[in-house]
Every structure is written in structure tokens, then in C-alpha cells.
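**Student:** One structure is given below, represented as C-alpha cells, and several questions about it will come after.
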Amino acid sequence: MSRLKDLQKNLFGGTTSNARQFGMIFTLVAIVVLFQILTDGLTLRSDNLIALFQQNSYILILAIGMLMVIVAGHIDLSVGSVAAFAGILVAKSMTEWDLPWPAAILFGLAIGAVIGAWQGFWVAYIGVPAFIVTLAGMLLFRGGNQFIGNASTVPVPEGFREIGSGFLPEFGPNTGYNNATLLLGLIAAVAVVWREIQARKTRRAMDADPAPMWISILRMAIMVGVIAFAALRFASGRVGTSFPISGIILLVLVIAYSFYTRNTAGGRHIYAVGGNSRAAELSGVKLKRVNFFVMMNMSILAALAGMIFVARSAASGPQDGNGWELDAIAAVFIGGAAVAGGIGTISGSIVGGLVMAVLNNGLQLMGVGTDRVQIIKGLVLLLAVAIDVYNKSQGRFSIVGSLMRPFRRDDSAPPASPPDAEREPAKAAVSG
Amino acid sequence: MSDVPILLEMRSITKEFPGVKALSDVNLVVRAGEIHAICGENGAGKSTLMKVLSGVYPHGTYDGQIIYQGSESKFSDIRASENAGIVIIHQELALIPGMSIAENIFLGNEPRKRGAIDWKAANRMALDLMARVGLQEDPDTLIKDIGVGKQQLVEIAKAFAKDVKLLILDEPTAALNEADSKHLLDLLRGFRSRGITSIMISHKLNEIEAIADQITILRDGRTVETLDVKADGVDEDRIVRGMVGRELSSRFPDHTPKIGEVFFEVRNWNVRHPISADRQVCKNESFVVRRGEIVGFAGLMGAGRTELAMSIFGRSYGVFESGTIIKDGKEIVLKSVADAIDNGLAYVSEDRKAIGLNLLDDIKSSTVAAKLSKISHHGVLSEVEEYQAAESYRKELRTKAPTVDESVSKLSGGNQQKVVLAKWMFTDPDLLILDEPTRGIDVGAKYEIYGIIQRLADQGKGVIVISSELPELIGLCDRIYTVFEGAITGEIARADATPENLMKQMTSTKKMATR
């Protein structure tokens, strides 16, 4: 069993949340395999994978921002409306004020920043709960979208549509594949290997034994294999299609925000605020600034998601972004974030979002109606959060972490109560 | 008094918590119609005893007998003891701020008419009860709109609504100003003349001396003695002797202080309460700290020591009014915790779980949390430096944990405290303020923490220790200030520090500097 244990401990990442990350990815793989079988191979076909990414990139972008909001202990219900509001303004700016599309994108991000500053102001500096502020924002900006757009759709010009429906360009020799996508895959593979080498170096610098070499190699092999498979799939779609531009935007954001949340002081502060805001404050964290930032950042990402959606559907409409907040929140919680804040990762949220996306996509491919898809999605979300709440006392595992528990029986189980726990009543009692 | 019937007798009560004997063989005899005071230091077991009596710790979780009104009582919960007429009023009032006086008085006990609450009757009865406690307010007034003194009276009225026979008051005057305290004490005297029995826990010895008939003194979970105030001619000194009369054992590492010049000074520090603006929590306090010196702050709970420390530490408590901080000869203004940290201050809070640590964190990220800039290069945190810092403190402070990846929530109290100390040592402070640094920590770990504090002082840092344990202050500190009701009432050099004179100055407003 010790090899299996090593494997579980070391397969993904290098921190204590390994088991959980492993569990989440395992769940995603299981769902993909399940639907691959149930749909007779439709799930992993090039065109379906491309569509899956295009249809979900904006939700996953929202999930990045939502993760930070939820980790800080808040919630944002307004993202769908904010996306729609930014979308209609950007569309109008191009059709009516003849703004060139790159400028329109900057304009859209600026709208997001202004809305975010508005909501962040109420949350951070006035102290209105984010739930209320963003519930108000949900109404406010939905109404704003319909007021400005006269509740009708506004088309967007060709160039702008690239960010939503564009693909990596064709170039170089005819290989039968999209060369740009292959190149991207190669870069990703090299990055994975480089990262593994860096991680081993870091472990050694911490006088800790790096994972056994065979595990490092196995891990790299699996990752490179997945990347190669994905790259070939994306590169071999219909001529003219390849890895979508919106997917590239998502990848860049995931990498940048993962880095920010893990490796910078600002990111640490978000976790500190969500974990124990009073303790964070007494450690010199500027509470208001952190809360303002997460709310503002969320609205900027919502504006970006809105623009990508408008670009993909070639027009901005009054119903854009309806229910997005729920998809984004669901992704974050399924991805293992704690309801009370302080816990969660960007990569977990992305995997959580992909679980929902694959579920959605697979059920549709099987011909299940949207009514039943909604019922299933609702149950999955409820189950995820219920298990999270239930397990809070037992060391805060996410749903998928819990699904994995039977497989980890010989792993040192987390003690049911910390050694200090039983001392607590005594402490409280004798402090008379 | 011995001819007066006994209302309550608690016989050889013993209450154990895992690892701690909170009460051992405690006896208490309360006669009908008297005011019986219970005295003891923090942690002597007063509150535990009252929790046993009121059923918070139900029958069967303690040893011993409770004889109440002539027969043995076995209360299973608070409701059972309340039905028997025993009502406890806690230090933290159990009122709902957004409800009216009448609603609070009858909460859980509402007068009903055909299933619905009969508000007419409730208001009428509330007025009657309020008159009995001398509270003149409209029963519809919300609790949050009346002062804390009147809130206390509402609590007592609430007790009367339950037909109280034995009223227990835990530190009833701790949060009250002088006028309100006087009113409350008069009220208790009035109850006595009407035959209601009261048990009162208080740190304010002058009040006890003035009002109590009998005093039972607890120390370390044991009954020391019961004094009859009139017959025994009890005064404050006599009570203090009973409370602290124990040997100071050598629980402290040997230490020869290397004290330098004054480097930190606070002058005329005034701070108001964050919510009730009419309460001043720091009254013109001034003190100095020298390099290499361990300075103690002695005071009873609620004396305002934590408030003083936190208001200095970047105004993290209360509303700053006036005052100056001088460090190394220059005035500094600390408007935020970040300012305080940048100016070399560190504050280790009294409640490490609630406000000292993020319990979701592991040891290494907790260690560096207050000074991330130290491990950042161009904005990027160095995992390696984080690890190295945490590991070196783990070795230096001998924190018992398998690795620094361990979650702090899994550590024992003493080891958590070492992580908190490491977190603040990592910020390279010149002045460390340690608020109850050994609370909830076992003896062995305490000894180690004392050693760490002494080493920090020897490095030329100033250390302020706030503690409710007098032996700790006397054993550890080079100089001790006493604080009473938000004012510094004395300054005592190590050579002169005895529990008796500390306790005296901690319980009186008289300035008696013995230097």
C-alpha cells in the first residue's frame, strides 16, 4: 500500500491539500470517462471539446473572481447583470459611437472597474453585507442593461467577435493539425516539466525529501499525456477551428490569478481575511482594502465575461448572463471552497466549473432535457455544499475529498478533535 | 446568624475537566435572606461553582450534593434550577438589544391568552416588575436604547418574573459607573429586607465589605474560609489575605535583568468605548518601558488593560481621544496596525483562537503572516524563506509539531502560543505587548514561555506582560503597574511587589505609588 500512499500524497501539487486536489481531478476524470462511454465517444470529440470550452469560458472566468470573493467571506450575486450591463454598453460603443473594438474592450473593463468600485465601496467602507449590495446590483444592472438597450439586442462588429468565437490562427507547414495549438501544447508540456523540476528544488531547499523520482516522472508523464491528448484533439477539429481564443484568455487568467493568490502578499491577505478577519486586522492586514479589491476585481472579470459572451453570440441582448452567478458560485463550492470563507483554490474552482460543464454537456448529448439537467445540477450543488458544511467539524473536506475518503483509509486520518479541544471547557470554566 | 434557616448548602462539590480539577471539595452554606459574597482570584473556581449550582453543569457531571430548601436538588439544566427559583445573572447580559424591555423580561416566559401573547398583561406586569427594581422607563423602550446600568436592572426584573428565591449576580457592577453601582447595591439591600437571598460574585472588595453578610473565599478550586462580616470584623485586607494566601513556588527560570534607558513612553492616554461613547476605557494613563525590561500590568478583569494595549497598538480598540506615544525620543503616531508593526510594536492577544491566529492556516504561513514583506522579493513570496523562517522558530521555541506544514488548529494551547510568539518575533519588534501570554496553558509550557519572554528582554527589547495571575507578574516582571477602572493606580518595583499590595491597588482608585 505504501506506493499507493506515496502516489496519492504526491500526485498533484506539493502541499497538504493534495488529497483534495487529487480527489477533485479524479472526479472530473471519472465524469468525463462516464459520459465518454454513455455518449458513445461524443464527449471527447474535437468539436464537442471546442464547444465545451467556448460555452463555459466565461463561467470559468467568473469562477476565478468568485473564488476570491468567497474566500474573503463574501458573495457576489450581481455578476450576470454586471456582465450584461457591460456587454450592452460595449456593443453600443462600437455600433453607435464607432469605437474601435480594442478600445471598446478597454472601455468594457473600465465599466467593470467603476461598477466594482461602487459595490466595493458599500461592502468595504459602509459595511453593507455583500449579499445585499450585490442583490441590489443584480437588479440595478439588469435594469440598466434593458434601459440602455431598450430591451432589444445590439449586434457587434466582426473584429470584436474574435474574443468569443475566434480560434488560434493557421500557419506553417500543413501537418493536418492546427500548428498554433500544437505549439501551445508543447509550451504547456515544457512548463509542466519545468515546474516539476522547480518544485523538487524547492522541496530540497526546505530540507524536505522531494517526492520519489518515479512519482515525479509518473506525474509529469500523466500531465504531459493529458496535454498532448488535448492539444491533438483541439488541433484536429474542423478546418478553421482550433483552441479557442476565449480559452487562451481563460488560461492566462487562471495562471495569473493562481500565482497571485498563492505567491503574493495580496493573495495571502484574502485568505487571512476570510479565515479570521479580526486576526488578520491585528496582523496589519488592511481589511477594507482587501474587501474593496475582491469586489472590484469580481466586477472587472464579470465585465470581461460579458464581453466574451457578447462576442460569441455576435450581439448583446437583454437576457445575457441570466443565472451566471449561480453557475459561478456552484463551481467555487463544488471546487472545495468553504462556505464560511478562508478556504479554496483557483484550480479547484476551475475543476469544479468543469465538473458542472461536463455534466451539463454530457446530459445534453444524451438528449436529457434542460428540465432534468437543472434538477441534476441543483442536486449536485446541494450535495456538495451539504457535505462541506457537514464535514466542517471534521477538518473541512470538500465533496470530492469526501468521496475519496474510502480510498484513503490507510492515510493518517485527521484527528476528530484537535488535542486542545478537550481542554477548552476547562479553560472556559476556570476563568471565573 | 446561625439561627436563621439554611436556604442552600453545597456539600463537598468536586468538578473535574479533562486534566484540570476546577473545584475540589468546595462547601458553601447560604442562609435565607442574606447577601453572600464569593471572592477569589480569576480562576479560583467561582464561576464554575455557580454553573454547578444553576445546572449549566447538570447533576451527575460533578461530585457532591446540593441541598436547597431542605432537600437534595439534582438540576438537569438551567430551566430546572430556574423553576426552583434560582436565577443567575451573568456578567455578559443575556438581553436581546433589538427587543423592548417588556419583551426581554418575558422572553421564554410570555404571558399567554388563548395561545397568543397577551401584550396588555405583559406590559402591565412589566411595569410592576420594573417598579420593584426601581427602573423608570417605558416598557416598550428597546434594550439598546438604555444604558448598561438600566439593562442590569432589566435582567433583575426578568429574574423576578421567574419568581426568584435565590438571586446570583456574577460581577454585577463590573460594567457600571459609580452611580449605577450604588443604585444596584441599594437595591440588593432592599431585597434583603424583603427576604430575598442573593449570592454575589465580585472583584470589588470595597463593595463586598459594604454590602455582604457572609463571605466565602475560594482559592485554586478550594474553599478557604467563610467569614461573617460583622462578627469577624472583616475588612478589605482580611479578604485579600484569604484570596492570595499561598506560597509563590519557583515556577520561573532564573533571570538577571539587563535594564537600559527608557525608550518607550505613553503620556496622558485617553480612549473611549467604541460603542457607548460616554464610557471612558482609558483615563489619562501614562507609563514608560525601558530596554530589556519586563513591565507588568496588573488589574482585575474589565480593568481596561487589554483596551489600553490594543488602543496603543494602532488604535485597534476604542475611539482614540488624546495622548502621545514617544519611542526612542521621537513622537510616533500609530493610526493603524500596519503603522504599529512598522514602528516595531507587537501585540500578542489574550484570545489566540478568536483574534490571534487564523486556525485554517498551517504553522509556516502563521509564522510569517504579520510581516509578509520580509519574505517577498519584487512582490513574490518565497516559499523557501517562509519555510526556513518557520522552521528556525520551531526549533528555537521548541514548538511540538511534526513539521511546519501542520495546521495550527491541531496544536495544543501552549504550542499555539509559541506559534503566535514566533509570528510576532518574526516582525522584529522593539516592544512586545503580551496579553495573558500563559492563559489556558499547562505548567510546563508556561515555564518555557517565561524563558522566551526573558530572552526577548535580554535582547534589549521592551516587554509588557498583562496578566490576571499575580504570582506570574511578581515572578516575571521587573516593574508592575496596577490598573483599576481604566486608570493606572500604582507602580510597584519588583522588590516591593507582594500579592497583598498589588491586590489592594488593583481594587481601589487611591493612588499609592510605592516608589
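**Student:** Within region B:467-487, is there a residue that is among the charged types (D, E, K, R), at pLDDT 90 or above and farther than 22 Å from B:Leu308 by Cβ?
**Tutor:** Start the filter on region B:467-487 by keeping residues that are among the charged types (D, E, K, R), which leaves B:469, B:472, B:478-479, B:485.
Then drop every residue that is not at pLDDT 90 or above, which leaves B:478-479.
Now restrict to residues that are farther than 22 Å from B:Leu308 by Cβ: none.
No, region B:467-487 has no match at all.
**Student:** Would a scan of region B:287-300 turn up a residue that is in contact with a His (Cβ under 7 Å, 6 or more places away or on another chain), assigned by TED's automatic domain parsing to the domain that holds B:Glu448 and of a type in the set (A, V, I, L, M)? Please lay out each step first, then the result.
**Tutor:** Our first condition is that a residue be in contact with a His (Cβ under 7 Å, 6 or more places away or on another chain); within region B:287-300, this holds for B:300.
Applying the additional criterion that residues be assigned by TED's automatic domain parsing to the domain that holds B:Glu448 yields B:300.
Now narrow it down to the ones that are of a type in the set (A, V, I, L, M): B:300.
Yes, the conditions are met somewhere in region B:287-300.
Every residue, every condition in (1) open to solvent by less than 10 Å² (accessible area, probe 1.4 Å); (2) free of Cβ contacts under 8 Å to residues at least 60 places away in the same chain; (3) more than 10 Å from chain A (Cβ to nearest Cβ), yes or no:
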{"position": "B:Asp3", "(1), (2), (3)": "no, yes, yes"}
{"position": "B:Ile6", "(1), (2), (3)": "no, no, yes"}
{"position": "B:Met10", "(1), (2), (3)": "yes, yes, yes"}
{"position": "B:Glu34", "(1), (2), (3)": "yes, no, yes"}
{"position": "B:Glu41", "(1), (2), (3)": "no, no, no"}
{"position": "B:Ala44", "(1), (2), (3)": "yes, no, no"}
{"position": "B:Ser76", "(1), (2), (3)": "no, yes, yes"}
{"position": "B:Glu82", "(1), (2), (3)": "no, no, yes"}
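**Student:** Name every residue in region B:56-115 that is within 16 Å of B:Ile143 (Cα to Cα), part of a loop (DSSP other than H, G, I, E, B) and hydrophobic (A, V, I, L, M, F, W, C), in order of residue number.
**Tutor:** B:Leu93, B:Ala94, B:Leu95, B:Ile96, B:Met99, B:Phe106, B:Leu107
**Student:** What is the one condition in (1) in a helix (DSSP H, G or I); (2) open to solvent by 50 Å² or more (accessible area, probe 1.4 Å) that A:Ala189 does not satisfy?
**Tutor:** The failed condition is (2).
**Student:** Further, regarding this structure: Take the residues of region B:315-338 that are open to solvent by less than 50 Å² (accessible area, probe 1.4 Å) and under 14 Å from B:Glu265 (Cβ atoms): which is nearest to the other protein chains (Cβ to nearest Cβ)?
**Tutor:** Once the filter is applied, the top-ranked residue is B:Leu334.
**Student:** Mind checking which residues of region A:163-183 are assigned to a helix (DSSP H, G or I) and touching a residue at least 60 places away in the same chain (Cβ under 8 Å)? So that I can check it myself, show each step before the final result.
**Tutor:** Taking region A:163-183 as the starting set, the residues that turn out to be assigned to a helix (DSSP H, G or I) are A:163-165, A:179-183.
Scanning region A:163-183 gives A:Ile163, A:Gly164, A:Ser165, A:Ala180, A:Thr181.
**Student:** One residue is enough: does region B:91-98 have a residue meeting the conditions surrounded by fewer than 15 Cβ atoms within 10 Å (Cβ to Cβ), within 23 Å of the chain's Cα centre (by Cα) and charged (D, E, K, R)?
**Tutor:** yes
**Student:** Moving on to the next point. Tell me the residue from A:Gly342, A:Gly348, A:Gly362 that is in a helix (DSSP H, G or I), in contact (Cβ under 8 Å) with a residue 40 or more places away in the chain and in contact with a Gly (Cβ under 7 Å, 6 or more places away or on another chain), please.
**Tutor:** Exactly one of A:Gly342, A:Gly348, A:Gly362 is in a helix (DSSP H, G or I), in contact (Cβ under 8 Å) with a residue 40 or more places away in the chain and in contact with a Gly (Cβ under 7 Å, 6 or more places away or on another chain), namely A:Gly348.
**Student:** Could you pull out the residue among B:Ile474, B:Ile464 that is surrounded by fewer than 23 Cβ atoms within 10 Å (Cβ to Cβ) and touching a residue at least 24 places away in the same chain (Cβ under 8 Å)? Write out each step before concluding.
**Tutor:** Numbers: B:Ile464 fails: surrounded by fewer than 23 Cβ atoms within 10 Å (Cβ to Cβ).
When all the criteria are applied, what remains is B:Ile474.
**Student:** Of the conditions (1) in contact with a helix residue (DSSP H, G or I) (Cβ under 7 Å, 6 or more places away or on another chain); (2) closer than 22 Å to A:Leu62 by Cβ, A:Gly159 fails just one. Which one is it?
**Tutor:** Checking A:Gly159 against (1) in contact with a helix residue (DSSP H, G or I) (Cβ under 7 Å, 6 or more places away or on another chain); (2) closer than 22 Å to A:Leu62 by Cβ, the one that fails is (2).
**Student:** I'd like the full set of residues that are in a loop (DSSP other than H, G, I, E, B) and among the hydrophobic types (A, V, I, L, M, F, W, C), limited to region A:114-132. Write out each step before concluding.
**Tutor:** Let us first name the residues in region A:114-132 that are in a loop (DSSP other than H, G, I, E, B), namely A:127-129.
Scanning region A:114-132 gives a single hit, A:Val128.
Results for (1) open to solvent by 70 Å² or more (accessible area, probe 1.4 Å); (2) among the polar types (S, T, N, Q); (3) outside the structural domain of B:Met301 (by TED's automatic domain parsing); (4) free of Cβ contacts under 8 Å to residues at least 12 places away in the same chain, shown as yes or no for each residue.
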residue: B:Leu49; (1), (2), (3), (4): no, no, yes, no
residue: B:Val52; (1), (2), (3), (4): no, no, yes, no
residue: B:Pro58; (1), (2), (3), (4): no, no, yes, no
residue: B:Asp63; (1), (2), (3), (4): yes, no, yes, no
residue: B:Glu72; (1), (2), (3), (4): yes, no, yes, yes
residue: B:Arg79; (1), (2), (3), (4): yes, no, yes, no
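**Student:** Here is a follow-up. Here are some conditions: (1) part of a strand (DSSP E or B); (2) surrounded by fewer than 21 Cβ atoms within 10 Å (Cβ to Cβ); (3) at the interface with chain A (Cβ under 7 Å from one of its Cβ atoms). B:Tyr347 meets all but one. Which one does it not meet?
**Tutor:** Here B:Tyr347 meets the rest and fails (2).
**Student:** Do we have B:Ile146 as among the aliphatic types (A, V, I, L, M), assigned by TED's automatic domain parsing to the domain that holds B:Glu34, touching a residue at least 40 places away in the same chain (Cβ under 8 Å) and open to solvent by less than 10 Å² (accessible area, probe 1.4 Å) here?
**Tutor:** So B:Ile146 fails the test.
**Student:** Return the pair list, or none, for Cβ contacts closer than 8 Å from residues in region B:259-277 that are basic (Lys, Arg) to residues that are open to solvent by less than 80 Å² (accessible area, probe 1.4 Å) and in a loop (DSSP other than H, G, I, E, B), at least 6 apart or on different chains.
**Tutor:** Short answer, once both residue conditions are applied: B:Arg272/B:Gly318.
**Student:** Evaluate region A:304-317: report whether one residue or more is assigned to a strand (DSSP E or B), away from chain B (no Cβ under 14 Å) and open to solvent by less than 10 Å² (accessible area, probe 1.4 Å).
**Tutor:** In the first step, residues of region A:304-317 are kept if they are assigned to a strand (DSSP E or B); the result is A:315-316.
Filter once more, keeping what is away from chain B (no Cβ under 14 Å): A:315-316.
Next, from what is left, pick out any that are open to solvent by less than 10 Å² (accessible area, probe 1.4 Å): A:316.
The answer is yes; a qualifying residue exists.
**Student:** Does region B:153-169 include one or more residues that are free of Cβ contacts under 8 Å to residues at least 60 places away in the same chain, touching a His at 6+ places or on another chain (Cβ under 9 Å) and closer than 19 Å to B:Val281 by Cβ?
**Tutor:** No, that holds for no residue.
**Student:** May I ask you to list the residues in region B:365-395 that are more than 9 Å from every other protein chain (Cβ to nearest Cβ) and within 19 Å of B:Arg352 (Cβ to Cβ)?
**Tutor:** If the condition is that a residue be more than 9 Å from every other protein chain (Cβ to nearest Cβ) and within 19 Å of B:Arg352 (Cβ to Cβ), then B:Ser366, B:Thr367, B:Ala390, B:Tyr393, B:Arg394 are the ones that fit.
**Student:** When only residues in region A:264-291 that are part of a loop (DSSP other than H, G, I, E, B) and either closer than 20 Å to A:Ile126 by Cβ or more than 7 Å from chain B (Cβ to nearest Cβ) (or both) count, which is least open to solvent (accessible area, probe 1.4 Å)? Break it down stepwise before answering.
**Tutor:** At the first step, the residues of region A:264-291 found to be part of a loop (DSSP other than H, G, I, E, B) are A:264, A:276, A:282-286.
Filter once more, keeping what is either closer than 20 Å to A:Ile126 by Cβ or more than 7 Å from chain B (Cβ to nearest Cβ) (or both): A:285-286.
Numbers: A:Val285: 10, A:Lys286: 86 Å².
Looking at residues that are part of a loop (DSSP other than H, G, I, E, B) and either closer than 20 Å to A:Ile126 by Cβ or more than 7 Å from chain B (Cβ to nearest Cβ) (or both), I get A:Val285.
**Student:** Among the helices (runs of 4 or more DSSP H) contained in region B:361-444, which hold 1 or more residues that are among the charged types (D, E, K, R) and more than 26 Å from A:Ala199 (Cα to Cα)? Even if it seems obvious, please write down each step before you answer.
**Tutor:** Values: elements: B:363-368, B:383-396, B:413-425.
Hits in region B:361-444: B:383-396, B:413-425.
**Student:** Okay, next question. So how many residues does region B:276-314 have that are β-branched (Val, Ile, Thr) and open to solvent by less than 10 Å² (accessible area, probe 1.4 Å)? Please lay out each step first, then the result.
**Tutor:** Step one: list which residues in region B:276-314 are β-branched (Val, Ile, Thr), which gives B:281, B:288-289, B:294-295, B:306, B:312.
Going one step further and asking which of them are open to solvent by less than 10 Å² (accessible area, probe 1.4 Å), we end up with B:289, B:294-295, B:312.
Within region B:276-314, residues that are β-branched (Val, Ile, Thr) and open to solvent by less than 10 Å² (accessible area, probe 1.4 Å) number 4.
**Student:** Please tell me if A:Ser242 is closer than 30 Å to A:Trp101 by Cα and within 14 Å of another protein chain (Cβ to nearest Cβ).
**Tutor:** For A:Ser242, the condition - closer than 30 Å to A:Trp101 by Cα and within 14 Å of another protein chain (Cβ to nearest Cβ) - is not met.
The values are calculated or read from the model by the stated rules, or taken from the named source; none is laboratory data. The shown structure was predicted, so the numbers you read here are calculated from the model rather than taken from an experiment. We place every Cβ from the backbone using ideal geometry, glycine too, and count neighbours over all the protein chains shown. For accessibility, only protein heavy atoms count, side chains too; no ligands or nucleic acids. Shrake-Rupley method; radii C 1.70, N 1.55, O 1.52, S 1.80 Å.
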